[in-house]
Amino acid sequence: MAPALTKAQQKELREIAQSIVANGKGILAADESTGTIGKRLGSIEVENTEDNRRAYRQLLFSLPKEAKIGDSLGGCILFEETLYQNAADGTPFVKLLQDHGIVPGIKVDKGVVVLPGTNNETVTQGLDGLAERCMKYREAGARFAKWRAVLKIGDGMPSELAIQENAVTLARYATICQQAGLVPIVEPEVLCDGTHSLETCQNVTERVLAATYKACNDHNLYLEGSLLKPNMVTAGMQCPTKYTPEQVAEATVTTLQRTVPAAVVGVTFLSGGQK
């Protein structure tokens, strides 16, 4: 139930979410922070300036329509700077993406901070002023948003406090986005660092997802206008036991079947980290 949304708002959110995860399509994460993209540019001895960052993005966004990148990409997550940038000919990047049939999105969280009372566990910040920022992003052409929560396994982690705090924060972010006309990607990431087993990761991921969707329900999130971006269920990177792809797939699908409401439009997995 989402009492604050009109039927028209629900319809628009649902259609945006469905277009992003249409058959054969995925999401490109082009939302590297200024510092992160600086490392990439530095590796090829290119100075980390706004113009060079713009040129880097333009390499992909300005591909000719014959490249048909829209056949494979349903959405593209942008960093705030990139959302407002233009190509060399003055065409907004948002327009270039839309011309390819790609939905522009925006990273809206402000990174993680240590959660007091825990063993250096974290909670994501950025709720202050989020409603106003989302409305501005919508005006600039964004139609979906991303917010990443991070949870660790090991030494009694994740604590119930960390799970609940991140679940509530994700739910608040998601409902704020929907009020502004943005489809929220809910991203509770359980990190793959550590020696934990596949079974431990499955147990933790089930707890995290169950808590997340309980919080989303409490906050009246319109599930049909949202997406989930979870981790795959894998053993820790330093785990001595090696599991087969089939075991990972079974654990992941089982976890999702047990915890994710059927009304959620799609699941867009994290890329990277799996070996």
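The values are calculated or read from the model by the stated rules, or taken from the named source; none is laboratory data. For clarity, every value in this text was computed on a predicted model and none was experimentally measured. Because the Cβ atoms are built from the backbone with ideal geometry, glycine has one as well, and the counts that use them run over all protein chains shown. Just the protein is used for accessible areas: all its heavy atoms, side chains included, with ligands, DNA and RNA removed. Shrake-Rupley method; radii C 1.70, N 1.55, O 1.52, S 1.80 Å.
Within segment 212-225, is there a residue that is in a loop (DSSP other than H, G, I, E, B), touching a strand residue (DSSP E or B) at 6+ places or on another chain (Cβ under 6 Å) and crowded, with 17+ Cβ neighbours inside 10 Å?
No, that holds for no residue.
Starting from segment 94-115, keep only residues that are over 19 Å from residue 177 (Cα atoms), then list their pairs with residues that are β-branched (Val, Ile, Thr) and in a loop (DSSP other than H, G, I, E, B) whose Cβ atoms are within a distance under 9 Å, requiring at least 6 positions of separation or different chains.
Close Cβ pairs satisfying both conditions: 96/102; 99/91.
Specify the residue that is nearest to residue 182 (Cα to Cα); the eligible residues are those in segment 22-44 that are surrounded by fewer than 18 Cβ atoms within 10 Å (Cβ to Cβ) and β-branched (Val, Ile, Thr).
Among those residues, the one meeting the criterion is 34.
Mind checking which residues of segment 183-202 are buried (at least 24 other Cβ atoms within 10 Å of the Cβ) and more than 24 Å from residue 122 (Cβ to Cβ)?
183
What's the number of the condition residue 149 fails, among (1) in contact with a Ser or Thr (Cβ under 6 Å, 6 or more places away or on another chain); (2) part of a loop (DSSP other than H, G, I, E, B)?
Looking at each condition in turn, residue 149 falls short on (2).
What helices (runs of 4 or more DSSP H), lying completely within segment 7-117, carry at least 2 residues that are in contact with a strand residue (DSSP E or B) (Cβ under 7 Å, 6 or more places away or on another chain)?
Helices (runs of 4 or more DSSP H) meeting the threshold: 7-20, 80-83, 93-99.
Among the residues of segment 152-174 satisfying the criterion of being part of a helix (DSSP H, G or I) and open to solvent by 10 Å² or more (accessible area, probe 1.4 Å), which is nearest to residue 10 (Cα to Cα)?
172
Would you check if residue 126 is under 12 Å from residue 110 (Cβ atoms), open to solvent by less than 60 Å² (accessible area, probe 1.4 Å), modelled with pLDDT of 95 or more and touching a Lys or Arg at 6+ places or on another chain (Cβ under 9 Å)?
Yes, satisfied.
Just give me the residues in segment 233-253 being part of a helix (DSSP H, G or I), of a type outside the set (A, V, I, L, M) and under 21 Å from the mean Cα position of the chain (by Cα), in sequence order.
252
Just the residues that are closer than 18 Å to residue 152 by Cβ and β-branched (Val, Ile, Thr), please, taken from segment 178-234.
Result: 190, 195, 200, 204, 205, 208, 212, 233, 234.
Out of the residues in segment 54-112 that are acidic (Asp, Glu) and within 18 Å of the chain's Cα centre (by Cα), which is least open to solvent (accessible area, probe 1.4 Å)?
It comes out as 109.
Exactly one of (1) touching a residue at least 40 places away in the same chain (Cβ under 8 Å); (2) within 29 Å of residue 15 (Cα to Cα) is unmet by residue 249. Its number?
Result: residue 249 passes all but (1).
All but one of (1) within 22 Å of residue 232 (Cβ to Cβ); (2) in a helix (DSSP H, G or I); (3) not basic (Lys, Arg) hold for residue 177, so report the exception by its number.
So the condition that residue 177 fails would be (1).
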